[in-house]
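The values are calculated or read from the model by the stated rules, or taken from the named source; none is laboratory data. Bear in mind that the values here come from a model prediction, so they are computed numbers and not experimental data. As a convention, Cβ positions derive from the backbone with ideal geometry for all residues, glycine included, and neighbour counts pool all protein chains shown.
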């Protein structure tokens, strides 16, 4: 199943997308939000949608692990090959570490332009 991807930066945006789209989408944090604002901030924004979310953790494998342990669906982590292999060696993280940001959905996106606020 393909889910549209929406970039989320606040609880207000998350609540609005849930009202308009239901729960069938992936929430993607802004770049490096995990390492800037922390996993608890993301969990507060996601409420019960954390399992269908992607937290961008910048270059912090520690924050990526914390996010995945807190049941965030996926974590983006820009690490070198050795660090990536180490993260993937844990069964619970395998397939849940992304090294690149996925594109946000264009035709399903609620914004006319990427810089528009909701």
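Name the pairs whose Cβ atoms lie under 6 Å apart, with the first residue in segment 21-37 and at positive phi and surrounded by fewer than 19 Cβ atoms within 10 Å (Cβ to Cβ), the second in a strand (DSSP E or B) and modelled with pLDDT of 95 or more, and 6 or more positions between them or separate chains?
32/56
Those residues that are in contact with a helix residue (DSSP H, G or I) (Cβ under 6 Å, 6 or more places away or on another chain) and either buried (at least 17 other Cβ atoms within 10 Å of the Cβ) or touching a residue at least 40 places away in the same chain (Cβ under 8 Å) (or both), I need them from segment 8-20; list them, please.
Selection gives 8, 14.
Rundown of residues vs (1) modelled with pLDDT of 95 or more; (2) over 25 Å from residue 90 (Cα atoms); (3) under 14 Å from the mean Cα position of the chain (by Cα), yes/no style:
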{"residue": "9", "(1), (2), (3)": "no, yes, yes"}
{"residue": "33", "(1), (2), (3)": "yes, no, yes"}
{"residue": "44", "(1), (2), (3)": "yes, yes, yes"}
{"residue": "62", "(1), (2), (3)": "yes, no, no"}
{"residue": "66", "(1), (2), (3)": "yes, no, yes"}
{"residue": "72", "(1), (2), (3)": "yes, no, yes"}
{"residue": "76", "(1), (2), (3)": "yes, no, yes"}
